[in-house]
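Take a look at the structure below.
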């Protein structure tokens, strides 16, 4: 005869907690998702920035800075901040021209600035010379 500790498991006893299997499956999936090492994506965009000063070394706030993509001709504008710094974030790899204009100072232009994928270019300090004036008598 069958004793209570040797009784076969009934079909009813196996299905007393039907949600337990789904709960365990969810716990397993959550553990796998958390334990995975994140894959860092490569960012194509980069940035170009610099500080602008005048010939005396004083910063030039509010200078108009234009960035031109030499291949497409597209333009982006910004102005230097209170520290004389400008930055063009999130720009795609290409070759660019930077033009800087400020009142009373000569316009500065640098061509052939190559930006590679994900690069952060910090141009050397850009010095704007005093604009010469002509007087006629």
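The values are calculated or read from the model by the stated rules, or taken from the named source; none is laboratory data. Owing to the predicted nature of the structure, the values given are computational and were not obtained by experimental measurement. Here Cβ is always computed from backbone atoms with ideal geometry, including for glycine, and neighbour counts include all displayed protein chains.
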Residues (loosely packed, with under 11 Cβ neighbours inside 10 Å and free of Cβ contacts under 8 Å to residues at least 40 places away in the same chain) located in segment 120-137 | 132, 133, 134, 135, 136, 137
Subset of segment 31-42, residues modelled with pLDDT under 75 and either more than 18 Å from the chain's Cα centre (by Cα) or surrounded by 10 or more Cβ atoms within 10 Å (Cβ to Cβ) (or both), comes to 32, 33, 34, 35, 36, 37, 38
Close pairs from segment 18-30: first at pLDDT 70 or above, partner surrounded by 10 or more Cβ atoms within 10 Å (Cβ to Cβ), Cβ under 7 Å, at least 6 apart = none
For segment 72-119, enumerate the residues that are touching a residue at least 24 places away in the same chain (Cβ under 8 Å), loosely packed, with under 13 Cβ neighbours inside 10 Å and within 21 Å of residue 59 (Cβ to Cβ).
-> 83, 89, 104
